[in-house]
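These notes concern the structure reproduced below.
The values are calculated or read from the model by the stated rules, or taken from the named source; none is laboratory data. Since this is a predicted model, take the numbers as computed values, not measurements.
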Amino acid sequence: MNLNPMPKHTLFVCQSCHSSEDRPKDQPADGARLLEQCDRTIQQLV
């Protein structure tokens with residue numbers, strides 16, 4: 001009997017990677033922005 005019907009997945013994100021070399025120094029990298037957005041989305045669902 002499976003009590004957890006949703007499979008768990010692991011997502012690896014590099015927090016220092018970015019898509020543009022022209023990124024301003026005060027702007028977070030794309031990976032860091034993605035993790036922040038994921039955290040906000042998860043908090044809204046809880």
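Below, the figures for the structure above:
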{"read-out": "Leading residue by the ranking (modelled with the highest pLDDT) among those in segment 1-19 that are of a type in the set (A, V, I, L, M) and over 18 Å from the mean Cα position of the chain (by Cα)", "value": "MET6"}
{"read-out": "Members of segment 28-46 that are of a type in the set (Val, Ile, Thr) and in a loop (DSSP other than H, G, I, E, B)", "value": "VAL46"}
